[in-house]
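The values are calculated or read from the model by the stated rules, or taken from the named source; none is laboratory data. In this text the structure is predicted, and so the values were computed from the model without any measurement. So basically every Cβ, Gly included, is an ideal-geometry build from the backbone, and we count neighbours across all protein chains shown.
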Amino acid sequence: MRKSGEGEDCATLIAMETPGEQLYGSMGSPVLDHTGPPHSNTFSDGTTQIDFVLVWEENGAVDRKSAHVDPSSQSRESFLSGLRAAGIQLEKRFVEEEKTTTTYVLLSAPWSLLCFYAEEISLRVPLEEVPHTNLHGSEKILEKLSIPNLMAQDVPNPPKDYYTCQFRNNKLERFLGSENRDCFFTNTQRHQILYEILARTPYGVMKKGEVGIDRLVAEKVFTAAYPLHEGPFKMPEGQVDPCSLSLRQILFHYWARWACWRKYQPLDHIREYFGEKIALYFAWLGFYTGWLLPAAIAGLLIFLFGIWLMNTDVPAKEICDSGGAFVMCPLCNICSYWNLSSICITFKVGLLFDNGGTVFFSIFMTLWAVTFLEYWKRTNAVLAHRWDCSEFEEIEERPRPEFTAMAPMTLRNPVTGVEEPYFPEHRRFNRSITGCMVIIVMLSVVLMFLMAIILYRTIISIIIYKAKNTFFIFSAGRIASLTGSVLNLLVILMLSRVYIFLAQALTRWEMHRTQTKYEDAFILKVFIFQFVNFYSSPIYIAFFKGRFVGYPGNYHTFFGIRNEDCGVGGCLIELAQELLVIMVGKQIINNIQEFVFPKLRTWWQNRKHTPHGGDDQAPGKKPTVMPWETDYKLLVSEGLFNEYLEMVLQFGFITIFVAACPLAPLFALLNNWGEIRLDAHKFVCEYRRPVAERAQDIGIWFNILQLICHLAVISNASHRNNIEVPHGISFFQHHLTSFPPCQAFLIAFTSDFLPRLYYRYTAEGTLKGYVNFTLAAAPPSFTHNESMCRYRGFRDPEGHLLPEYYHLLAIRLAFVIIFEHVVFFIGRMIDTMVPDIPEEVEVKIKREHYMAKEALAENQSLAKMVTLEETEEPTLRQRHKPEASLLRPHLESPPPSLTPVSEDHNKPSL
């Protein structure tokens, strides 16, 4: 295209002018200032539906006849002028409060505009009704077994299911319900169309990205932009017919109340009201929570087995009955000798986490994770087809408005043949590399804080030992570890906020074409950081703490301080403690925030926006609160990113580190039961209604879950066996020292499972003498030929490694290889045996494609035109100014005409 001139810019992203005679559903004047009585979610005429609301506040009373000259007013008036030129109907309402005046602009799209943009953004409309199918697999199983289903509930007004295809204006008569223009497009579809127009409308210089309602809200030109809820959520008093309830009331009564904690979620109703993206989140969360139930039961059984083992374990009895037989070497430079029998209780507590049962539980959890993801793929495919979004990302998704405004070039789409904005890949690659550098810097900051916390724990231990208080001296390691965990959690939460802000700026700068790609890039950046942020401390405790201490007489140091050692109870207990503090502590903090903060913010919003007077208030009469005023007092929806992130990090804790805390799935299950209700209540009762967004799946979160699943397989195999740790610490420490970031290594290199099997094999099937087998004697140079002390390791009195060390190392490595191959093989078998798309869904997809082809069959001339276009090679063109014809498909019916919006902001046209 042509290069842009010196003083001109592309201000015609969607500026449209529609003559009144072309508006099939025109209700008269585009802008109305109303002073009469309102009628629900409609304009003053009582029939024109409100599709969107724009709000801004001004200090003092509004002079409606005066022109404002400040920059915000100029941008606002230019934006509203663009909406009017686009054919949007507007009606203004004013509410005077004590110190401010709030202006509400009610927006409605006429029929012709709805049809035009429905085709533009590829909305899907019904062709034929389809009988309802059951979404819940457990309901089918219980029905076959003739078991009463306590989770089932009869939700009124279930949305109908249809075969659908993309809307075409010239084929309108072939769609179901096309004769009823008021109800043909659903409320969520109308909201999507209005938001698309709002997101594309420019208000200033396009080169600077001055386009769209989101930027105007961010710049405080408007204080809010939202669609309206469908009436109040509270149930009417007295007995009412459930079928007469609004969709919002149905969602509140049958979903958002705490009494519904054991009921199936009404997913079709959620999708109908909030759109596919939010419905998919709740579908995934409910599916994940249901699958946590068997994992929680298995973990609880393993925990109970550990309780039984506390009183029957032979090595535990040897330690408790040893008295002064095993004198252990000091744990730090200023520490004293201590008896192994002093950790009797701590060692028995460790058996709750480290026993033969946790090995099989680790294997169970790896297979559970693989199977869970495979069956979610099937469920996702069913939902994507049922909700008409199985082809959304490949065919239907439109470029982001910000990308459309800022892209420097255009390129003909080889699929649709339409000229679309284009950003050169090499420039995006360069920007992505720069973003990677920022990520590396932030990860380095995380590791620096981790090292600082390690030094903190060591220094605190030394200070406590020097206090010479008997109680504190014995608990020095535990106090340092616990306070370090709390401090680490605070650092995690602080760094998370900083990095999320940086990730948003970097992702916007990278210029991703679609919203899905934009969100995937943002999520990947944040997750890499959060993975290191949340998991670095557990990984350190599992893999590295106590591994590089050395042995008596040859200790290693870090910045002149002896390397941090595990406490007398060992590293596994410390790891379990760290997991409980980070995972459970974060869940408690998040739930408190989600429960308390919205109520406080809602109270403040209601207090702040108490009406003082307005258009509809008569003297001596209590002011009437309109629906748009009520919704304005609600909170802005924060989206799904934090919700997904919380659950995915939780998934990592219960799969990668599950061997350290078998009760983790139970804690996760209890948390998620509450999380579903908290999130449902927020969306239904406390948030403004979000714009419905379409989505094909849960996005890159699924790939992250698969990555975590693979790491879990590796980590569980390495958890259960202890390699020799060359240092002088307690028996339990090495028995529980390391939890590598994957389950294969956790089983192999952390606990006593394989050493016990090895000793039992060499000692004729008994564990008597096992404690002495795992302890080495300190070199004479360390004790100065005084009393001998012992430490955990397989070394001779001179400090050389014994053959048993190498035997166990070979066994551990073989275990890791065998475990990983067996689990990955079983996972591949499950993947092969469980099709990603059920057969009945594949049949429905083929049927739907056939019906769409028949309904939208075009004439031969169009086919010839497409054939000619396919012979042309796609070429890049320098972008000058987006022509109207490039921003919409060619329709047989006359579309609204496009005209530029003047950039002279001193002369607003509204």
Conditions (1) touching a helix residue (DSSP H, G or I) at 6+ places or on another chain (Cβ under 8 Å); (2) without any contact (Cβ under 8 Å) to a residue 12 or more places away in the chain -> ARG497 fails only (1)
Anything in the range 113-138 that is over 30 Å from TYR850 (Cβ atoms) and surrounded by fewer than 20 Cβ atoms within 10 Å (Cβ to Cβ)? List them, or say none.
SER138
Residue count, the range 95-129 (criterion: touching a Phe, Trp or Tyr at 6+ places or on another chain (Cβ under 6 Å) and more than 27 Å from THR630 (Cα to Cα)):
10
Does ILE811 satisfy the criteria of being surrounded by 15 or more Cβ atoms within 10 Å (Cβ to Cβ), in a helix (DSSP H, G or I) and of a type outside the set (Ser, Thr, Tyr)?
yes
Considering every residue within the range 771-778, establish whether at least one is modelled with pLDDT under 85 and among the small types (Gly, Ala, Ser).
no
Restricting the range 415-452 to residues that are out of contact with any helix residue (DSSP H, G or I) (no Cβ under 6 Å at 6 or more places or on another chain) and in a strand (DSSP E or B), which is farthest from PHE531 (Cα to Cα)?
GLU420
Those residues of the range 104-154 which are in contact with a Gly (Cβ under 7 Å, 6 or more places away or on another chain) and of a type in the set (A, V, I, L, M, F, W, C) amount to TRP111, LEU113
Expected single match for surrounded by 13 or more Cβ atoms within 10 Å (Cβ to Cβ) and modelled with pLDDT of 80 or more among VAL822, VAL843 is VAL822
Within the range 349-388, track down each residue that is over 25 Å from the mean Cα position of the chain (by Cα) and modelled with pLDDT of 85 or more.
PHE361, PHE364
If we scan the range 93-115, do we find a residue that is free of Cβ contacts under 8 Å to residues at least 24 places away in the same chain and more than 30 Å from ARG847 (Cβ to Cβ)?
no
Scan the range 412-420 and tell me whether some residue there is in contact with an Asp or Glu (Cβ under 9 Å, 6 or more places away or on another chain), over 20 Å from ILE700 (Cα atoms) and β-branched (Val, Ile, Thr).
yes
How many of the residues making up the range 80-130 are of a type outside the set (Asp, Glu) and assigned to a strand (DSSP E or B)?
20
Of (1) more than 30 Å from MET409 (Cα to Cα); (2) at pLDDT 80 or above; (3) not hydroxyl-bearing (Ser, Thr, Tyr), ALA476 satisfies all except one. Which?
(2)
Given (1) buried (at least 17 other Cβ atoms within 10 Å of the Cβ); (2) modelled with pLDDT of 85 or more, number of the condition LYS768 does not satisfy
(1)
Looking at the range 150-171, can you tell me whether even one residue there is assigned by TED's automatic domain parsing to the domain that holds PHE79, closer than 29 Å to LEU90 by Cα and either in a loop (DSSP other than H, G, I, E, B) or free of Cβ contacts under 8 Å to residues at least 24 places away in the same chain (or both)?
yes
Here is a list: GLY212, GLY177. Which entry is in the same structural domain as ASP51 (by TED's automatic domain parsing), touching a residue at least 24 places away in the same chain (Cβ under 8 Å), buried (at least 18 other Cβ atoms within 10 Å of the Cβ) and not charged (D, E, K, R)?
GLY212
Kindly indicate whether any position in the range 347-358 is touching a Lys or Arg at 6+ places or on another chain (Cβ under 6 Å), in the same structural domain as PHE824 (by TED's automatic domain parsing) and touching a residue at least 40 places away in the same chain (Cβ under 8 Å).
no
Residue count for the range 253-275, restricted to those that are surrounded by fewer than 24 Cβ atoms within 10 Å (Cβ to Cβ), in a helix (DSSP H, G or I) and either in the same structural domain as LEU678 (by TED's automatic domain parsing) or not hydrophobic (A, V, I, L, M, F, W, C) (or both)
5
Flag if LYS317 is farther than 26 Å from ASN671 by Cα, at pLDDT 85 or above, in the same structural domain as ALA778 (by TED's automatic domain parsing) and basic (Lys, Arg)
yes
